[in-house]
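To start, the structure itself, in structure tokens.
The values are calculated or read from the model by the stated rules, or taken from the named source; none is laboratory data. It should be emphasised that the depicted structure is a prediction, and the values quoted were computed from it without experimental measurement. Every residue, glycine among them, receives a Cβ derived from its backbone with ideal geometry; neighbour counts consider all protein chains shown. Side chains are part of the model used for accessible areas, which takes the heavy atoms of the whole protein and leaves out ligands, DNA and RNA. Shrake-Rupley method; radii C 1.70, N 1.55, O 1.52, S 1.80 Å.
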Amino acid sequence: MPQTARHAEHPDSSPLTIHDMTVAYQRRPVLWDIDYSAPEGKLVAIIGPNGAGKTTLMKAVLGLIPTISGEIRFYGKTYRQHRSRVGYVPQRESVDWDFPVSALDVVAMGLYRNIGWCRPVTQKYRHAAREALERVGMGQYATRQISQLSGGQQQRVFLARALVQGADFYLMDEPFTGVDAATERAIIDILRTLRDTGKTAMVVHHDLQTVTEYFDHVILLNMRLVAAGETTEVFTPENLRKTYGGKLALLDRVGHQMTMAGGQQ
Amino acid sequence: MIGNVREIGLWPVAKLLTACVLLATLLSTDPAMALETEPDDGTSLSEQFVRVVTLRDYNTRIVLLGTMLLGASAGIVGVFMLLRRQALVGDVVAHCALPGIALAFIVLEAVSPGSGKSLPGLLAGAMVAGVLGAWATLAVQRLTRIKPDAALAIVLSVFFGLGVALFTIVQSLPTGTAAGLHDFVYGKPASIIAADVKFIALASAVVVLICGMLFKEFALLCFDDGFAASQGWPVGLLDVVLLGLVVGVTVIGLQSVGLLLVVAMLIIPAAAARFWTEQLWLMTLVAGLLGAAGAAVGVLLSALFPKLAAGAVIVLAGAAFFLVSLAFGTRRGVLRRVMVYWQTRRKIGRHDLMRAAYEALESEGETATPLSPTELTGRTLHFDQLLGRRRWTPGRLKRLVATALREGLLRREDGDVLRLTENGAGHAARIVRNHRLWELYLIRYADVAPSHIDRDADRIEHVLNPELVDELEAVLAERTAAVAVPPSPHEIGTADAATETK
């Protein structure tokens, strides 16, 4: 089953289909020939060692970094056409939390697209932002300046910013990293609620111990797609060894040689 | 009220600016005012002071207005440059303007001799060169692996060098009207005339209007450009617009503060405003006001003392505002931080002392806890007894005791013999109670080993607020119903004992 996904047809109903995607920084490929089709209404974990290209995968499908080749479709259309159906939660460390805005202001940023150019954030949108904050259990921190929140609270603010959009498909980059137990519980509760209402979430995850408990599907990634499919079938010691076992040194070396060869030209 | 202001964003500011433009037009065209003469050289300093401060001189008024508008718009744009971490881009743009000015002069002289010093022409040259410089910086970063700071340094110095070289050519031109071009390097607010003020007012109004309209877009760009891009905002275009604003402000600032110092007008008010607020719209407002105020003080000072370089005085006035903000800022000022630190330190010291007093009395008595208020006030405590309870130096304990004596928590019986007052006894009982509630909670619900509990509880008890204590009581209801102060869940050791276990 896991390997057949590579050859499966990409149905229009799939929240995300990736076809033969390769991504490179400078000349060095970091993701090779990714072929994947996400199942609808499931929680999908992306796991793999550091430098495996997990964040790169997310940024590439969102068009934040250029791809060398490949085709990416959200619900059968390009990201440009379906932007509002996709919610994105970047890594918490990717921004400066000393920024002079409140938790509510950050959540409202998820609505800026709906508000449109040059228009102020009206009461209606602030209301929606507050509701999103309440969904992640942060209602009472709405007016707090974001640097005064704990790491877990900041993560929940980021989550609320994606939720407020009302998207159908969510891409989350390490939402469980460096958070307290209460936040972890809050996030997994929200993920399950999303799934129960037919939404899909793809989550970069680090804690292998909770993969089977939290996620229905799993993608094992190490510069290439090692395996993908239902957690019960794919999350095996064999596949984990393939993903984390350092046997990909060869792939790494090829990439390095390409860099060198390119440099000499 | 605050909610309303936020909702309408910067629109009132934009309206205000429009009003300023109208005002500037009115002021600069009033013939009655234009007839007023310059002060005689014979006037005393105090007369001159009154004259300057009451704005009786038409020229002072014009210069003041123009520079204040510039200061306000530079402060507002500076906020976004600061938050976008591009504080030095303004400096690059300004330095790169120099060859533009020189080239514009040469071209203008070549086309029609004598027209070289036309301000619009020179500023157009400055603007083109400034944009080129900013673009060159980006190109160097993108095309090579040179880091942003190095790219800035390279472009800035190369363009400036080119400018200096061109200036020597300009000075050797036969027309000989190049004198005055150097004012662009150091700035000369006094050279601002009524027509310039209209131009500055218009430009400032446009700058502030754009900042107001794109307020939320700029905020998103500065906070999280990755998310902005994922949402489909044209991040590149927004950066270009922001850069355009910087170029605009820089070019109109060249005349008054000069290209070497114009970056100060962009960044100093913004940096100063950050000390006063945690809200972006307020920070923008404060930066605009500080920019205008700094410019006003600078202009007035240089009108009083004409020998001072006015551009530099404006920057120094801004720096003075910055220092005041740094020290007294209500949000991030140094003074506030120090005060919060000392308050916390003092509170923790008092808590530690009261608990030490309680436990010293407790370990003396044969009876089971809790100690009644009479038991607490009835017995005396020796300084050395307290000293043995925690690892504190005699000096620190002496200071703590002195504070407690002043606060009426302790009473001095005789020399080193102390006694808790009634107030102190109540305080001590409450603190010990909170501490032990927390210890119980940790042992029972957080699986913390009793031998480690004292240390962890120590850290937390100082931040326990009444609501948390209520919650603790609810959780530990059955244990606390009977006793005012629960017995310590671990052996109460002295400092020595604590050291041994480590």
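Values computed for the structure shown
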{"item": "The listed residue being touching a helix residue (DSSP H, G or I) at 6+ places or on another chain (Cβ under 7 Å) and away from chain B (no Cβ under 14 Å), out of A:Asp168, A:Asp180", "result": "A:Asp168"}
{"item": "Matching entry among B:Gly130, B:Gly163, B:Gly180 (being touching a residue at least 24 places away in the same chain (Cβ under 8 Å), within 26 Å of B:Gly298 (Cβ to Cβ) and in contact with a Pro (Cβ under 6 Å, 6 or more places away or on another chain))", "result": "B:Gly163"}
{"item": "Residue that is most open to solvent (accessible area, probe 1.4 Å), among those in the stretch A:8-28 that are in contact with a strand residue (DSSP E or B) (Cβ under 6 Å, 6 or more places away or on another chain) and in contact (Cβ under 8 Å) with a residue 60 or more places away in the chain", "result": "A:His10"}
{"item": "Per-region count, the stretch B:215-231, residues within 7 Å of chain A (Cβ to nearest Cβ) and open to solvent by 20 Å² or more (accessible area, probe 1.4 Å)", "result": "2"}
{"item": "Residue list for the stretch B:186-198, restricted to those being farther than 15 Å from B:Ala72 by Cα, buried (at least 19 other Cβ atoms within 10 Å of the Cβ) and of a type in the set (A, V, I, L, M)", "result": "B:Ile192, B:Ala194"}
{"item": "Helices (runs of 4 or more DSSP H) contained entirely in the stretch B:233-333, each with at least 3 residues that are in contact with a Ser or Thr (Cβ under 7 Å, 6 or more places away or on another chain)", "result": "B:235-257, B:280-304, B:310-328"}
{"item": "Boolean, B:Leu237 is on the phi < 0 side of the Ramachandran plot and more than 14 Å from chain A (Cβ to nearest Cβ)", "result": "no"}
{"item": "Some residue of the stretch A:124-136 being within 9 Å of chain B (Cβ to nearest Cβ), within 25 Å of B:Gly212 (Cα to Cα), hydroxyl-bearing (Ser, Thr, Tyr) and open to solvent by 20 Å² or more (accessible area, probe 1.4 Å)", "result": "no"}
{"item": "Filter pass, B:Ala201 being at the interface with chain A (Cβ under 10 Å from one of its Cβ atoms) and either among the hydroxyl-bearing types (Ser, Thr, Tyr) or open to solvent by less than 20 Å² (accessible area, probe 1.4 Å) (or both)", "result": "no"}
{"item": "Residue list for the stretch A:57-81, filter: within 12 Å of the chain's Cα centre (by Cα) and either at pLDDT below 90 or within 13 Å of chain B (Cβ to nearest Cβ) (or both)", "result": "A:Met58, A:Lys59, A:Ala60, A:Val61, A:Leu62"}
{"item": "Check on B:Arg355, touching a helix residue (DSSP H, G or I) at 6+ places or on another chain (Cβ under 6 Å) and surrounded by 19 or more Cβ atoms within 10 Å (Cβ to Cβ)", "result": "yes"}
{"item": "Helices (runs of 4 or more DSSP H) completely within the stretch B:85-175 that count 2 or more residues being among the polar types (S, T, N, Q), modelled with pLDDT under 90 and open to solvent by 40 Å² or more (accessible area, probe 1.4 Å)", "result": "B:148-171"}
{"item": "Selection count where residues are in contact with a helix residue (DSSP H, G or I) (Cβ under 8 Å, 6 or more places away or on another chain) and open to solvent by 30 Å² or more (accessible area, probe 1.4 Å), scope the stretch A:53-62", "result": "1"}
{"item": "Every residue from the stretch A:1-50 that is closer than 27 Å to A:Gln209 by Cα and modelled with pLDDT under 85", "result": "A:Met1, A:Pro2, A:Gln3, A:Thr4, A:Ala5, A:Arg6"}
{"item": "Output for the stretch A:150-165, where each listed residue is in contact (Cβ under 8 Å) with a residue 40 or more places away in the chain and among the small types (Gly, Ala, Ser)", "result": "A:Gly151, A:Ala160, A:Ala162"}
{"item": "Residues being crowded, with 19+ Cβ neighbours inside 10 Å, touching a residue at least 60 places away in the same chain (Cβ under 8 Å) and out of contact with any Phe, Trp or Tyr (no Cβ under 6 Å at 6 or more places or on another chain) - total across the stretch B:301-317", "result": "4"}
{"item": "Per-region count, the stretch A:82-108, residues at the interface with chain B (Cβ under 7 Å from one of its Cβ atoms), open to solvent by less than 30 Å² (accessible area, probe 1.4 Å) and within 18 Å of the chain's Cα centre (by Cα)", "result": "3"}
{"item": "Residue in the stretch B:249-260 that is surrounded by fewer than 23 Cβ atoms within 10 Å (Cβ to Cβ) and either within 23 Å of the chain's Cα centre (by Cα) or hydrophobic (A, V, I, L, M, F, W, C) (or both) present", "result": "yes"}
{"item": "Residues (touching a Leu at 6+ places or on another chain (Cβ under 6 Å) and within 13 Å of B:Val297 (Cα to Cα)) located in the stretch B:54-82", "result": "B:Arg61"}
